[in-house]
1. Out of the residues in region 34-56 meeting the condition of being closer than 13 Å to Leu76 by Cα and hydrophobic (A, V, I, L, M, F, W, C), tell me which one is nearest to the chain's Cα centre (by Cα).
2. Go through region 28-40 and give me each residue that's assigned to a helix (DSSP H, G or I), open to solvent by 60 Å² or more (accessible area, probe 1.4 Å) and within 11 Å of Val52 (Cα to Cα).
3. What are the residues in region 41-53 that are in a strand (DSSP E or B) and surrounded by 11 or more Cβ atoms within 10 Å (Cβ to Cβ), if any?
4. Considering each of Leu6, Leu76 in turn, give the residue that is assigned to a helix (DSSP H, G or I), open to solvent by 50 Å² or more (accessible area, probe 1.4 Å) and out of contact with any Ser or Thr (no Cβ under 7 Å at 6 or more places or on another chain).
5. Residue by residue through region 16-27, note down the ones that are open to solvent by less than 70 Å² (accessible area, probe 1.4 Å) and either at pLDDT below 95 or over 12 Å from Lys3 (Cβ atoms) (or both).
6. Is it the case that Leu44 is of a type in the set (A, V, I, L, M) and in contact with a Pro (Cβ under 8 Å, 6 or more places away or on another chain)?
Amino acid sequence: MTKAELIDKIAISAGISRTAAGNALNSTLENITKTLQKGQKVTLIGFGTFSVQHRKARTGRNPKTGEEIQIQASKLPKFTSGTALKNSLK
C-alpha cells in the first residue's frame, strides 16, 4: 500500500476529505519523527512502539578489497509491533 492509497482509506473510513486525511497522516508522521529525533519513543497501545536504536562504532570490511574500515556509530529507527497487531496477523 502506498501513502496515497493509505490517505484514500483514511478519508473513506473517517468520512473526511482526502486533503484532511493527508494533513492528518503527514502531521502524525512528522510528530513521530520529531519525537524520535529527541531520542524519545512513541507507543501506540495495541499497534506498536517506535524507538531509536543506537549502533556502536565498529570495524568492518570492504567487500571488494577486503580492507578493514571503521564504521561510525549511528542511530536507527526501530519498530516493535504490539500484541494486538501480532495477533491480528494469525
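1. Going through the qualifying residues, I end up with Phe50.
2. Listed by number, the residues that qualify are Thr33, Gln37.
3. Answer for region 41-53, where residues must be in a strand (DSSP E or B) and surrounded by 11 or more Cβ atoms within 10 Å (Cβ to Cβ): Val42, Thr43, Leu44, Gly48, Thr49, Phe50, Ser51, Val52.
4. Numbers: Leu76 fails: assigned to a helix (DSSP H, G or I).
That would be Leu6, the only listed residue that is assigned to a helix (DSSP H, G or I), open to solvent by 50 Å² or more (accessible area, probe 1.4 Å) and out of contact with any Ser or Thr (no Cβ under 7 Å at 6 or more places or on another chain).
5. Ser17, Ala20, Ala24, Ser27
6. no
The values are calculated or read from the model by the stated rules, or taken from the named source; none is laboratory data. Note that the structure is a prediction, hence the values are computed from the model and not measured. Neighbour counts run over all protein chains shown; Cβ positions are idealised from the backbone, glycine included. These accessible areas exclude ligands, DNA and RNA; they are computed on the full protein's heavy atoms, side chains included. Shrake-Rupley method; radii C 1.70, N 1.55, O 1.52, S 1.80 Å.
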